[in-house]
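Right, one structure below, let's go through it.
The values are calculated or read from the model by the stated rules, or taken from the named source; none is laboratory data. In this text the structure is predicted, and so the values were computed from the model without any measurement. Don't worry about glycine lacking a Cβ; one is built from the backbone with ideal geometry, like all the others, and counts go over all protein chains shown. Side chains included, ligands, DNA and RNA excluded: accessible areas come from the protein's heavy atoms. Shrake-Rupley method; radii C 1.70, N 1.55, O 1.52, S 1.80 Å.
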Amino acid sequence: MENITPTAPGDARVPAVLAGLERELAVLDQIGAHIAAAYLDAAITQLRRDQLRP
């Protein structure tokens, strides 16, 4: 897991958070944790959608 400094503006941290979540998703897929991977994939999708909102 990656530590993200709290001094960065909120929106500036989102790409780093998404990258970390995607790495975790890849690990879950590799170990066959499909249910956990599905939940994480849904969270990633929702975070991306939230970023598109004005």
* **Evaluation of PRO15 against (1) open to solvent by less than 80 Å² (accessible area, probe 1.4 Å); (2) at pLDDT below 95; (3) part of a helix (DSSP H, G or I) (one fails), failing number** => (1)
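Which ones in region 26-44 are β-branched (Val, Ile, Thr) and either open to solvent by 50 Å² or more (accessible area, probe 1.4 Å) or touching a Cys at 6+ places or on another chain (Cβ under 7 Å) (or both)? Even if it seems obvious, please write down each step before you answer.
To start, the set of residues in region 26-44 that are β-branched (Val, Ile, Thr) comprises 27, 31, 35, 44.
Matches in region 26-44: VAL27, ILE31, ILE35.
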